[in-house]
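Asks: First the structure, which I've put down as structure tokens, then a few questions once you've had a look.
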């Protein structure tokens, strides 16, 4: 993941406002996804559009700018993060962690026992991010985190 910042410089963590997806967000979020995944094998315009149109999507904003999004689906006892990405301009600001915390809260509120994410084998930055966030490999490119039960 390139941030465009010189090595050794770090962005200041910023609090993102997280809100539900609005139809007018679709083009911008699609552009962010294409920027992040467009060069990767397995990228599909149709799949991303389907995710944005059919799944539960939350948008992170920082200073009025769209800083990222997370797309979530329910599958039995697990909730699945289909896409979680942060705009290059907001990498290193804690937006990804905030979106992941939001996803966990969403999953817990629906009674999910775990949160699951498929990460490409060559996406080392994402694998490290999820490992540092308490996810463990479950095979076939997936990582998972067991969630506390809703009281």
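Asks: Are there any pairs with C-beta distances below 7 angstrom linking a residue in segment 130-151 that is over 13 Å from residue 107 (Cα atoms) to a residue that is at pLDDT below 95 and exposed (fewer than 10 other Cβ atoms within 10 Å of the Cβ), with the two at least 6 apart or on different chains, and if so which?
Replies: 141/121
Asks: Also: Can you tell me which residues in segment 15-48 are touching a helix residue (DSSP H, G or I) at 6+ places or on another chain (Cβ under 8 Å) and not in a helix (DSSP H, G or I)?
Replies: Of everything in segment 15-48, those that are touching a helix residue (DSSP H, G or I) at 6+ places or on another chain (Cβ under 8 Å) and not in a helix (DSSP H, G or I) turn out to be 15, 16, 18, 21, 43.
Asks: Additional query: Give segment 63-112 a look and list any residue that's buried (at least 18 other Cβ atoms within 10 Å of the Cβ), assigned to a helix (DSSP H, G or I) and either touching a helix residue (DSSP H, G or I) at 6+ places or on another chain (Cβ under 7 Å) or without any contact (Cβ under 8 Å) to a residue 12 or more places away in the chain (or both), or say none.
Replies: The one that is buried (at least 18 other Cβ atoms within 10 Å of the Cβ), assigned to a helix (DSSP H, G or I) and either touching a helix residue (DSSP H, G or I) at 6+ places or on another chain (Cβ under 7 Å) or without any contact (Cβ under 8 Å) to a residue 12 or more places away in the chain (or both): 96.
Asks: Let me ask you something else. Looking at this structure, is residue 51 touching a strand residue (DSSP E or B) at 6+ places or on another chain (Cβ under 6 Å), in contact (Cβ under 8 Å) with a residue 24 or more places away in the chain, outside any helix (DSSP H, G or I) and surrounded by 19 or more Cβ atoms within 10 Å (Cβ to Cβ)?
Replies: Details: touching a strand residue (DSSP E or B) at 6+ places or on another chain (Cβ under 6 Å): yes; in contact (Cβ under 8 Å) with a residue 24 or more places away in the chain: yes; outside any helix (DSSP H, G or I): no; surrounded by 19 or more Cβ atoms within 10 Å (Cβ to Cβ): yes.
When the stated conditions are applied, residue 51 does not pass them.
The values are calculated or read from the model by the stated rules, or taken from the named source; none is laboratory data. Just so it is clear, the structure is predicted and the values come from calculations on it, not from any experiment. Cβ atoms come from the backbone with ideal geometry, glycine included; neighbour counts cover every protein chain shown.
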